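Only the coordinates and a few stated rules stand behind these numbers; no lab work does. Note that the coordinates shown come from a computational prediction; the quantities given were computed from them, not determined experimentally. FYI the Cβ positions are ideal-geometry reconstructions off the backbone, even for glycines, and counts take in every protein chain you see.
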Ligand SMILES: Nc1nc2c(c(=O)[nH]1)N[C@H]1C(S)=C(S)[C@@H](COP(=O)(O)O)O[C@H]1N2
Ligand SMILES: [Mo]
């Protein structure tokens, strides 16, 4: 897109060699990489006949306000990371294939009663609200988004985990026919992420089902994704189909791919560089500005206590 092709942005991309560039180098070695750039069909409007459309817009929760402007929807919708649908940012051009109904979420592991719930049944059991949140990608860019969703804590309560459950493990769908990126066999598909129970029940952890006052557009990870704004964006897993309560710390997609560069905790910290680039500043997408990155992405007051006593551990990337 033209507005992100500006000079300042290109400079930042050179400094911040993104996950995508790392992977692109491998892609040229792999067979079939060309399939990912074929079939370009714009898919900006993603709300057609969505059975949950009547739930939006939801009431804004004024406790979640921000000091900066929202990223325009058009900017945010056309610059996404969703590796199941390709390694560049133009996910909106080919995400139409993502089939979001029927959509079932499996809840299993250390719970009183493993179950499956359809997205529209789940939506009947929770109260949606809108929150303005930042998103800070590990690639050193950021956005500001009006998400709609419900606290992950509500889902934890519905699941009734056993006391032996220490972590949540989230999984994205696995369907290489629908998502050609999953044919790239060097990735540890499906996409997996995890949180500790304390993180998952923190008020900031949001299950997101909408953005910009509408059901989630496909490129944002429809019909349901996570958002944990104090962590690097890769923790906020998209298009979730399974949530397992487990005792052992789950191994995430990025840990499986490149554990030296992407750890489990991945809390935002401007002073701890990624092994290949600085995290001190971030490009605010759509503005051309670089601003200083904040500890815990500005959410320290709400979450710093979760990491008391863990100072010596690798909690920053
Ligand atoms: N399943 C899945 N979830 C994902 C990703 C992905 O490739 N696949 N990318 C992550 C990364 S790196 C970021 S920065 C955010 C981007 O969210 P956005 O496109 O809504 O801005 O989604 C995260 N969740
Ligand atoms: Mo990211």
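Things worth noting here:
- For region 13-307, share of DSSP beta bridges that run antiparallel, in % to the nearest 5: 85
- Three principal axis lengths of region 153-310 [C-alpha, angstrom, descending]: 39, 38, 37
- Values of log10 I(q)/I(0), in the order q = 0.15, 0.21 Å⁻¹, for region 94-140 under a Debye, Cα-only, solvent-free model: -0.75, -0.97
- For region 101-199: rounded, prolate or oblate by the Cα gyration tensor [a/c cutoff 1.5]: rounded
- Panel order for 301, 116, 283, by other beta carbons found within 10 Å of each beta carbon, from fewest to most: 301, 116, 283.
- Sorted by Cβ neighbour density within 10 Å, fewest at the top, the residues 170, 234: 234, 170
- Applying 0.36 nm per residue to the separation of residue 63 and residue 273 and subtracting their alpha-carbon distance, the gain on full extension is 72.5 nm.
- Across region 13-307, Cα pairs under 8 Å and at least six residues apart give a relative contact order of 21 percent.
- Relative contact order of region 190-317, taken over Cα pairs closer than 8 Å and 6 or more residues apart, is 23 percent.
- At R0 = 41 Å, FRET efficiency that the Cβ-Cβ distance of residue 258 and residue 113 yields, to 0.05: 0.65
- Taking 7 Å steps out from each Cα toward its Cβ at residue 248 and residue 174 produces label points 1.6 nm apart.
- Both the radius of gyration and Dmax for region 107-165 are 15.1, 41 Å, in that order, over alpha-carbon atoms.
- Kirkwood hydrodynamic radius of region 13-307, Cα pairs, Å: 19.4
- Extension gain from residue 305 to residue 88, taking 0.36 nm per residue of separation minus the Cα-Cα distance: 74.5 nm
- From least to most packed, judged by other beta carbons within 10 angstrom and beginning with the fewest, 218, 65, 251, 89 follow the order 65, 251, 89, 218.
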